[in-house]
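Below: one structure, written as structure tokens.
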Amino acid sequence: SGASLRYSTGTGGEGSEGEGAGLASSESGGSGFSLAAAALPERRRPGGGRPRYEVVRELGAEEVRWFYREDRKTWKPFIGYDSLRIELAYRALGPGGPAEPREGEAAAVEPVCVRSGLYEVDVASAESYPVYWNQTEKIPVMRGQWFIDGTWQPLEEEESNLIEQEHLNRFKGQQLQESFDMEVSKPVDGKEAIHSLKLSRNHVDWHSVDEVYLYSDATTSKIARTVTQKLGFSKASSSGTRLHRGYVEEATLEDKPPQTSHIVFVVHGIGQKMDQGRIIKNTAMMRDTARKIEEKYFSNLATHVEFLPVEWRSKLTLDGDTVDSITPDKVRGLRDMLNSSAMDIMYYTSPLYRDELVKGLQQELNRLYTLFCSRNPEFEEKGGKVSIVSHSLGCVITYDIMTGWNPVRLYEQLLQKEEEELEDRWMSYEEQRLLEELYVTKQRLREIEERLHGLKASTVSKPPVLKFKVENFFCMGSPLAVFLALRGIRPGNSGSQDHILPRTICNRLLNIFHPTDPVAYRLEPLILKHYSNISPVQIHWYNTANPLPYEHMKPSFLNPTKEPTSVTDSESVSTVPSPTTSPVMVRRHYGESITNIGKASILGAASIGKGLGGMLFSRFGRSSTTTPQTLETGKDGAEGDDKKATTVGTPPFPHSSPGFLEPTVELEHRIDFELREGLVESRYWSAVTSHTAYWSSLDIALFLLTFMYKHDQEDTDKANLDTI
């Protein structure tokens with residue numbers, strides 16, 4: 001049989017033959033394959049369609065299925081490729097598996113790499129563990145031979161082994177029913193058990209070779225069985241559970257995951273000290289949602305995107321327990337939470353600990369990349385790509401690693417500015433002489449430093465900060481714009497990403513945020529000032545039919561018809577820092593009271609000025625500048641939507657106002673992408689929850705994969721554009 005795998009079991013019983021690497025097979029298609037068995041008609045399981053033979057024999061490796069269980073939930077089956085390789089390793093331990101290694105041989109078997117290479121299975125200890133991150137709880141694995149009807153969940157291994165042993169002792173070599181079909185097989189009503197096996201809490205009855213039932217021996221089950229049998233029901237139909245020998249699907253080596261062509265490092269922000277395993281759970285959520293999207297939209301591609309968590313916080317010592325020791329005991333729980341989360345921001349702004357945080361993340365990124373390449377040597381050969389998804393403060397640290405930014409630069413600029421100011425004021429002859437001497441000495445010092453640096457560079461070439469080129473840098477809920485603004489970055493007059501992140505370092509920068517996330521800020525107005533009045537690109541819902549590709553979406557204005565007419569209006573546009581108060585798309589409000597609060601808050605923010613309080617207050621009333629339009633369109637739902645669709649197209653640019661550049665300049669690529677608000681969510685509740693709502697979003701998963709699979713789908717996109 002081409003599809004059936006047969007192995008020598010080492011007990012003299014019939015083995016099985018198979019196709020695939022590492023399995024004993026013959027070119028003629030059947031060494032050790034008895035003619036008698038080959039001549040027998042096949043029997044198939046419904047759904048699986050697996051060829052079987054009419055004689056009871058030991059289970060082939062393809063009929064056994066291995067399972068794993070995470071978070072004490074139900075057992076999940078490994079895919080066929082993984083299950084077969086685990087079974088081979090299990091059989092290599094000896095006839096009895098892990099309990100009985102061969103005499104004179106160590107029971108050391110190489111761990112089996114499973115689940116797209118993210119985990120390994122130690123067959124001897126029946127445990128699985130992750131390869132790229134640390135996890136305290138091991139994941140148990142189990143060998144399934146007998147399965148419960150309907151759910152196809154495996155019986156516990158101990159019971160399964162006893163049933164299998166009893167089954168072979170009693171029925172090995174016997175013929176099965178000729179007209180074998182489990183779905184329409186005759187009911188067991190009225191049939192007596194031909195064989196029975198007593199287990200610790202259950203017993204098993206064989207009504208025929210392939211009609212096997214499990215019964216509970218609990219007192220309540222016995223009473224229920226007695227009552228129903230007196231009413232005329234059979235024992236099996238009243239309380240028996242049908243068992244199946246061998247899994248519903250046959251394991252094949254062809255059932256394997258596609259090759260990884262793109263890896264994504266997922267970097268956490270603050271708060272990991274509080275919950276060290278959180279980034280692993282968050283990455284798992286993102287991976288699971290991405291798998292669903294891959295299956296739905298990218299199943300035609302033979303490549304695969306893998307997500308790896310980067311946990312950089314737990315290995316750092318920082319101040320030890322000094323901060324804890326100076327924390328008062330009152331409301332200790334709240335203070336501990338703040339120490340474990342917000343304190344990371346203070347550590348990062350501290351010149352003493354900043355480098356430790358940067359090195360911690362940098363080393364972890366390089367460690368993961370080196371480990372991945374060592375286990376997947378073809379990744380670099382085939383031009384595999386690397387992207388980074390960072391959250392919150394992680395965006396700032398990742399940015400600083402990629403660009404090599406250091407606060408020392410700011411200090412040098414400050415000194416230079418002081419020197420220039422010193423030159424401008426009146427000085428005495430003695431001061432001038434000393435100043436000239438200082439300049440000469442500094443110039444001489446710079447020359448010596450450059451010569452020394454040149455000698456070092458010629459002997460030891462400095463390794464790159466990161467061992468890989470970053471293809472896409474996705475920021476989620478990112479305060480990066482505020483950090484850059486406070487470092488003195490101001491809008492320029494070219495629409496290039498190079499103004500904040502050179503393309504030589506990272507091909508594409510994308511800033512994703514939820515409209516009510518209080519920690520997230522826009523980046524585009526830091527490149528071109530007038531983009532503060534252009535709405536961020538709305539991220540498509542994952543179930544949108546034929547969405548327009550992002551690169552073909554035209555910019556839409558937040559206030560297409562409204563001009564600043566009063567002082568307060570113009571201030572709200574030009575006085576408040578643009579990266580921090582950029583409003584979002586026109587949205588329907590949930591009651592006038594919220595609109596009024598929003599209006600009051602943004603006017604208050606304008607009067608407060610550039611203070612942090614203004615930044616935070618203005619987040620919740622961002623769309624209040626569009627109140628007149630919103631209220632007008634809100635009168636008639638359907639008509640309002642139509643009007644909105646026409647006005648948010650490509651209206652003429654607003655007249656130049658103070659601080660706005662000539663509107664002919666546009667960004668080469670859009671950077672700010674905004675999640676759509678839910679129709680029923682409360683804006684104030686969202687402000688609390690939105691900062692951590694990115695991980696399980698199907699919309700974000702589709703967005704990430706759209707950009708990472710971009711090159712693979714270029715031909716398809718071109719065909720779609722022609723149609724449009």
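Listed highest first by mean packing, meaning other Cβ atoms within 10 Å per residue, what order do 282-289, 329-336, 165-172, 469-476 come in? Each step should come with its number before you reach the end.
Values: 282-289: 19.4, 329-336: 9.9, 165-172: 15.2, 469-476: 22.8.
Listed from highest to lowest mean packing, they are 469-476, 282-289, 165-172, 329-336.
Counting only Cβ charges, +1 for Lys and Arg and -1 for Asp and Glu, the dipole size of segment 431-560 around its Cα centre is about 240 debye.
Once the piece of chain linking residue 406 and residue 332 is laid out straight, how much longer is it, given 0.36 nm per residue of separation minus the C-alpha distance between them?
On the way: separation 74, 0.36 × 74 = 26.64 nm, distance 3.50 nm.
Full extension from residue 406 to residue 332 adds 23.1 nm.
Converting phi to 3J(HN,Hα) with the Karplus coefficients 6.51, -1.76 and 1.60 and the offset θ = phi - 60°, segment 548-559 yields 6, x, 4, 5, 9, 7, 7, x, 10, 8, 6, 10 Hz in sequence order, with x at every glycine or proline.
Distant-in-sequence amide contacts of residue 538, defined by a placed amide H-H separation under 5 Å and a gap of 5 or more residues or a different chain, comprise 674. Eigen-decomposition of the gyration tensor built on the alpha-carbon atoms of segment 283-389 gives equivalent ellipsoid semi-axes of 38, 19, 10 angstrom, largest listed first. Note on residue 69 and residue 554: their simple-model spin labels are 5.9 nm apart, each label 7 Å out from Cα toward Cβ. The modelled label-to-label distance for the pair residue 208/residue 420, using points 7 Å beyond Cα in the direction of Cβ, is 9.5 nm. Each peptide among 516-526, 431-441, 118-128 gets the average number of other Cβ atoms lying within 10 Å of its residues, and from highest to lowest they stand as 516-526, 118-128, 431-441.
Each residue of segment 65-80 is assigned a 3J(HN,Hα), and the resulting list reads 10, 8, 10, 9, 9, 10, 6, 6, 8, 6, 6, 10, x, 5, 5, x Hz, derived from the Karplus form 6.51 cos²θ - 1.76 cosθ + 1.60 (θ = phi - 60°), x at Gly and Pro.
Return the FRET efficiency for the residue pair residue 153, residue 278: r is the Cβ-Cβ distance, R0 is 41 Å, and the value is rounded to the nearest 0.05.
0.85
Compared with the direct C-alpha span, the chain from residue 696 to residue 255 gains 156.1 nm at full extension, assuming 0.36 nm per residue.
Under the 0.36 nm per residue contour assumption, what length would be gained going from the current alpha-carbon distance of residue 58 and residue 429 to full extension? Write out the running numbers ahead of the final one.
Values: separation 371, 0.36 × 371 = 133.56 nm, distance 10.37 nm.
So the chain would gain 123.2 nm between residue 58 and residue 429.
Sorted on the mean count of surrounding Cβ atoms within 10 Å across their residues, most packed first, peptides 353-365, 291-303 read 353-365, 291-303.
In order along segment 514-530, the Karplus-derived 3J(HN,Hα) couplings, from 6.51 cos²θ - 1.76 cosθ + 1.60 at θ = phi - 60°, round to 8, x, 9, 5, x, 9, 8, 9, 7, 9, 4, x, 7, 9, 10, 4, 6 Hz, and Gly and Pro are given as x. Between residue 201 and residue 314, the FRET efficiency from the beta-carbon distance, with R0 = 51 Å, is close to 0.75.
Could you tell me which of rounded, prolate or oblate describes segment 239-317, using a ≥ b ≥ c as the square roots of the eigenvalues of the alpha-carbon gyration tensor, with rounded for a/c under 1.5 and, failing that, prolate when a/b is larger than b/c and oblate otherwise? Here segment 239-317 falls in the oblate category. Pairs with C-alpha atoms separated by more than 29 Å, drawn from the list 172/198; 281/385; 469/710; 73/172; 292/359; 256/710, are 73/172; 292/359. Segment 435-450 and segment 506-552 have Cα centres lying 48 Å from one another.
Taking a ≥ b ≥ c as the square roots of the Cα gyration tensor eigenvalues, with a/c under 1.5 meaning rounded and otherwise prolate when a/b beats b/c, else oblate, which class fits segment 444-561? It would help to have the intermediate numbers written out before the result.
Numbers: a/c = 2.82, a/b = 2.01, b/c = 1.40.
Because a/c hits 1.5 or more and a/b exceeds b/c, segment 444-561 counts as prolate.
All of the numbers you see were taken from the coordinates with simple rules; none came from a lab. Only a predicted model underlies this, so the values are computations on that prediction, with no experimental measurement involved. Note that we place each Cβ from the backbone using ideal geometry, even for glycine, and neighbour counts take in every protein chain shown.
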